[in-house]
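Enquirer: Here it is: the structure, laid out below.
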Amino acid sequence: MKKIIFAATSLLLCTAAVFNSSNSFAQQDAQYSMYMFNPLSVNAAYAGSRDALSVTLLGRQQWVNIDGAPTTGTISIHTPLKYEAVSVGLSVIQDEIGPTQNTGIYGDVSYRFKLTNNSRLAFGLKA
């Protein structure tokens, strides 16, 4: 009998918590579901990996035509310097979800060195 009362009480408390959560708020980080098209946004060592000046512009909208839906836009640029072992990059990320807006500007520096004729190892720093 005690188990039934405990189960019923637990169910009642969980139900009350769910219905009372309409006033709850949460936070969300920028959506990086398209990071495969812009690896510099999550990995500073990627800067200069294409051995040329590279510019990437991406936009992402989720749940179109719904107020407060997540929207993320990024632009990144990276290039190797004259001394090709060092590369630099710059990223700007604009994220908007609900009433919040976040803008981030990030600078990247990477150092690459050859391991073999066909492979390199890179280290990066994002600030």
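Enquirer: Give me D for segment 50-108 in µm² s⁻¹, whole number, from Stokes-Einstein with Rh from the Kirkwood sum over alpha-carbon pairs, 10 °C and 1.306 mPa s.
Expert: Approximately 122 µm²/s, per Stokes-Einstein.
Enquirer: Right, another one. Using a 7 Å offset from the Cα along the Cα-to-Cβ direction at both Lys82 and Tyr35, what is the distance between the two label points in nm, to one decimal?
Expert: 3.5
Enquirer: Taking the alpha-carbon distance from Lys114 and a cut-off under 17 Å, which aspartates and glutamates remain once sequence neighbours fewer than 8 residues away in the same chain are dropped?
Expert: Counting by Cα, and skipping residues close in sequence, Lys114 has these aspartates and glutamates nearby: Asp51, Glu84.
Enquirer: Work through the residues other than Ser49 whose Cβ is under 10 Å from its Cβ and net out their charges, Lys, Arg +1 and Asp, Glu -1. Walk me through the intermediate numbers first.
Expert: On the way: positive: Arg50, Arg112, Arg120; negative: Asp51.
Neighbour charge sum, excluding Ser49 itself: +2.
Enquirer: If I model a spin label as a point 7 Å beyond the Cα along the Cα-Cβ vector, how far apart are those points for Ala8 and Asn117 in nm?
Expert: With each label placed 7 Å out from Cα toward Cβ, I get 8.0 nm.
Bear in mind these aren't lab numbers, they're just calculated from the coordinates by the rules spelled out. These figures come from a predicted structure and were not determined experimentally. Methodologically, a virtual Cβ is constructed for each residue, glycine included, from the backbone with ideal geometry; neighbour enumeration extends over all protein chains shown.
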